[in-house]
Amino acid sequence: MLSVRLYNDTLSDIEVQTNSEVDQLRFIAPPTVTIDGVPCEEVVVLSRNFLMCKVPPSSSTGSKTVVVSVSGSPDLILNNAYEYVDAVSDFYISSITPIIGNAGDLLTLKGNKLNTISTLEIGGIVCSPESSGNDEATYRIPAGSPGEEVDITVTTSGDSKTYRFAKVFEYEK
């Protein structure tokens, strides 16, 4: 599985994963990553199947194609893998804290239109909000195993979109 972690100032730390044939890709040359044809900055190879980069700015919102290339030829094309949002009118999450914690702690989300969250799951367990405002929402962290890394999944009301943040929270050891 290849993981590409994309980050910027508006929507933090989105991980794109694929089970495509590029799994055997070895980054013998520095890879390039583009979003809708625009090169990402600060591409860092963390392992043979994991890289990270900073998302370039875009003049339009919506879903975009992510392309990972080694030696100039596209090795991986992920259609609609990244979505640019309107920071004023669209739902987005700019931070999730803490990233390491214990059951019973409060998880804080910051962003925009957080009061439109209909469901939040931590490690597959649905959580009720402790507080929910437009730009901040808090949830009580459910029980989990020490050292376990879990996904946070958010579904919004109205458009019923689901956002998955892969392994962004870890239970303290």
- Message: With the requirement that a residue be assigned to a loop (DSSP other than H, G, I, E, B), more than 25 Å from S60 (Cα to Cα) and among the hydrophobic types (A, V, I, L, M, F, W, C), what does region 89-107 give you?
- Response: I99, A103
- Task: Please indicate, with yes or no, whether at least one residue in region 103-124 is under 30 Å from G37 (Cβ atoms), of a type in the set (S, T, N, Q) and either surrounded by fewer than 15 Cβ atoms within 10 Å (Cβ to Cβ) or modelled with pLDDT under 90 (or both).
- Result: yes
- Query: What pairs come up if the first residue lies in region 64-88 and is outside any strand (DSSP E or B), the second is buried (at least 18 other Cβ atoms within 10 Å of the Cβ) and at pLDDT below 80, and their beta carbons are under 8 Å apart, counting only those six or more places apart or on different chains?
  - Reply: V85/L11
- Task: Filter region 140-166 down to residues that are in contact (Cβ under 8 Å) with a residue 40 or more places away in the chain and assigned to a strand (DSSP E or B) and give me whichever is nearest to the chain's Cα centre (by Cα).
- Result: F165
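So, in region 118-128, how many residues would count as being of a type outside the set (A, V, I, L, M, F, W, C) and within 14 Å of I96 (Cα to Cα)? Even if it seems obvious, please write down each step before you answer.
Initial filter on region 118-128 (of a type outside the set (A, V, I, L, M, F, W, C)): 118-119, 121, 123-124, 128.
Now drop any that are not within 14 Å of I96 (Cα to Cα), which leaves 121.
Here the count works out to 1.
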- Mind listing just one residue for me: the one in region 108-127 that is in a strand (DSSP E or B) and not β-branched (V, I, T) and, of those, farthest from Y171 (Cα to Cα)? N112
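The values are calculated or read from the model by the stated rules, or taken from the named source; none is laboratory data. Note that the structure is predicted; figures quoted are calculated from it, not measured. We place every Cβ from the backbone using ideal geometry, glycine too, and count neighbours over all the protein chains shown.
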